[in-house]
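Bear in mind these aren't lab numbers, they're just calculated from the coordinates by the rules spelled out. Keep in mind it's a predicted model, so treat the numbers as computed, not measured. Note that each Cβ is placed from the backbone with ideal geometry, even for glycine, and that neighbours are counted across all protein chains shown.
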Amino acid sequence: MKEAQIIPLDKFVENALYNENYGYYSKKNPFGKSGDYVTAPNISFLFSEMIAIWIISYWENLQKPKKFNIVELGPGNGDLCKVLIKTFKNFPDFYKNVKIFLYERSKYLQKIQKNKIKEKKVSWLKNINDIKSGPVLFFGNEFFDAIPIKQFKIDKNKIYEKYLSVNKKDKIKIILKKAKKKTIFKLKKFGLFNNKGVIEYPDLGIKELDKMIQVIRKFNGGILLIDYGFLDKKNVSTLQSVKSHKKNEVFENLSDADITSLVNFTLLKDYFLKQNFNLNQVVSQSFFLKRIGILHRAEMLSKKMSFSAKANLYSRLRRLLDSRYMGNLFKVIFAYKNKKKFRLGFN
Ligand SMILES: C[S@@+](CC[C@H](N)C(=O)[O-])C[C@H]1O[C@@H](n2cnc3c(N)ncnc32)[C@H](O)[C@@H]1O
């Protein structure tokens, strides 16, 4: 009889989400009412406008280089990029110098993006290290949470990694296997052994960041990440799943439901500092967007709006900013290599 397959948690989830034949992101448009979830760019164009303004200011801070590459990480249904381009066009000096790359793993979503975005300036990036000039700004909204994580447990001073076994009848069982030395070394580097409960480590996510770091070391630039996550140690599993805007049991409806985890921003901070990058303090999405000027922009636009359009604008804004919705849970981190400090949105 064929033995049950035993797969580490991150590889298992990666397969459920990104397998080219049956993975969640290979067959479904998850965004919006008819999908499973909505993201900030789907909620309001104001979010994307603020990112556009922030990017232009960063370019100015870099002394307006003639060649400036920006890479959107995991562009989803292309909503953010569409508004970026529209806003950039109001700044012709910037627009003529920028090249836009979209880094998207899902071929299915790439198709959606290609239908929505037909600018010559935009191209799709297969590998991060295909970038051959700079400076480069990598940025992603809800990119890191979508990259599967590893989980570990300590029992009697021994470290075990979580694996999943799938038998012939597709029954899933969680199995703990002694962690590999190489992995233990990585966990040690980030002081994760103080955790009492579940230890989470974004091995695949860090591998993606490593590639970006190398490019930035060569060509200068930075990495901006916006995501839901935490700064204080959680010690619990943060794996979560949604389907049709409702919570789903993590290993149910596999490849028909999204699976993500909360991002450990303390670990990201440590990681960037270890790379000798400049780092702004991690701030909430609400703080970041307000500092860039989202409220002023809303006020300006709403002057010419009907009552119902105004109500709609402000209700969407509340979802982005209010701590009961996305305002606090979502956080922003910016790490960069250039010498001149850039703090817009962070102070
Ligand atoms: C939660 S969605 C966010 C989409 C979009 N940024 C937004 O805010 O609406 C995650 C996106 O990241 C992409 N993605 C996840 N892992 C990736 C990887 N390793 N490389 C490139 N894209 C990836 C997914 O296919 C998807 O487009």
Taking 61-70, 328-337, 171-180 and ranking on average Cβ neighbours within 10 Å, highest first, one gets 328-337, 61-70, 171-180
Rounded to two decimals, the Debye log10 I(q)/I(0) of the range 152-204 (Cα scatterers, no solvent) at q = 0.20, 0.22 Å⁻¹ is -0.72, -0.82
Beyond 31 Å (Cα-Cα) in this structure, taken from LYS27/LYS269; LYS243/LYS331; LYS120/LYS246, we find LYS27/LYS269; LYS120/LYS246
In terms of the charge dipole of the range 203-347, which places +1 on Lys and Arg and -1 on Asp and Glu at the beta carbon, the residue among GLN214, ASN248, SER237 farthest towards the positive end is GLN214
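For the chain, state the average projected area of the convex hull of the C-alpha atoms over all orientations, rounded to one decimal in nm².
Result: 18.9 nm².
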Among GLY23, LEU80, ASN312, the residue whose Cα sits farthest towards the positive end of the charge dipole of the chain, when +1 is placed on the Cβ of each Lys and Arg and -1 on the Cβ of each Asp and Glu, is LEU80
Computed on Cα atoms, Rg of the range 97-185 relative to 2.2 N^0.38 Å comes out at 1.66
Measuring from the longest principal axis of the C-alpha atoms of the chain, the long axis of helix 9-18 (C-alpha) lies at a number of degrees, nearest 10, equal to 50
Cα extents of the range 1-87 per principal axis, largest first, Å, are 65, 31, 18
By Cβ neighbour count within 10 Å, fewest first, MET300, MET50 rank MET300, MET50
Taking Lys and Arg as +1 and Asp and Glu as -1, residues besides PRO135 with C-beta under 9 Å from its C-beta add up to +2
In whole Å, largest first, the alpha carbons of the range 255-324 cover along the principal axes 51, 38, 19
Sorting ASN328, ILE294, VAL283 by the position of each Cα along the dipole of the range 244-347 (Lys, Arg +1; Asp, Glu -1; all at Cβ), the one nearest the positive end of that ordering is ILE294
Rounded to whole angstrom, the alpha-carbon centroid of the range 97-149 lies from that of the range 308-347 at a distance of 21
Any aspartates and glutamates whose Cα falls less than 20 Å from that of LYS182, other than same-chain ones fewer than 8 residues away, would be ASP10, ASP155, GLU161, GLU200, ASP203, GLU208, ASP210, ASP270
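In debye to the nearest 20, how big a dipole does the range 2-117 give about its Cα centre with +1 on each Lys and Arg Cβ and -1 on each Asp and Glu Cβ? Mind showing how you got there, number by number?
On the way: 18 positive and 11 negative charges, 110 e Å.
About 520 debye.
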Karplus-derived 3J(HN,Hα) from phi for the range 258-264 (6.51 cos²θ - 1.76 cosθ + 1.60, θ = phi - 60°), whole Hz, x at Gly and Pro, runs 7, 10, 9, 9, 6, 8, 7
What helix-only [θ] at 222 nm does the chain give? Using -39500 (n - 2.57) per DSSP H run of at least 4, over all residues, to the nearest 500, the answer is -10500 deg cm²/dmol
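Just how many % of Cα pairs in the range 185-310 lie over 25 Å apart, if you round to the nearest whole percent? Numbers along the way, then the final one.
On the way: 3666 of 7875 pairs.
Everything past 25 Å amounts to 47 percent.
About its Cα centre, what dipole magnitude does the chain give when the only charges are +1 on Lys and Arg Cβ and -1 on Asp and Glu Cβ, stated in debye to the nearest 20?
Numbers: 68 positive and 31 negative charges, 140 e Å.
Using only the charged Cβ atoms, the result is roughly 680 debye.
Net charge near ASN276, counting Lys/Arg +1 and Asp/Glu -1 over other residues with Cβ under 10 Å of its Cβ?
Summing Lys and Arg as +1 and Asp and Glu as -1 gives +3.
If you average over every viewing direction, what projected area does the convex hull of the Cα atoms of the range 113-241 give, in nm²?
Values: hull surface 46.4 nm².
The orientation-averaged projected area of the Cα hull of the range 113-241 comes to 11.6 nm².
Taking the Cα centre of the range 246-299 as the origin, how large is its charge dipole in debye, to the nearest 20, when only Lys and Arg (+1) and Asp and Glu (-1) carry charge on their Cβ atoms?
The calculated dipole for the range 246-299 is roughly 400 debye.
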Residue by residue through the range 216-233, the couplings from Karplus 6.51 cos²θ - 1.76 cosθ + 1.60 with θ = phi - 60°, in Hz, x for Gly and Pro, are 5, 4, 6, 10, 6, x, x, 10, 10, 10, 10, 6, 7, x, 9, 10, 8, 4
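In square nanometres, what is the average projected area of the Cα convex hull of the range 56-142? Present the calculation step by step, with values, prior to reporting the outcome.
Details: hull surface 21.7 nm².
Average of the hull's projected areas for the range 56-142 equals 5.4 nm².
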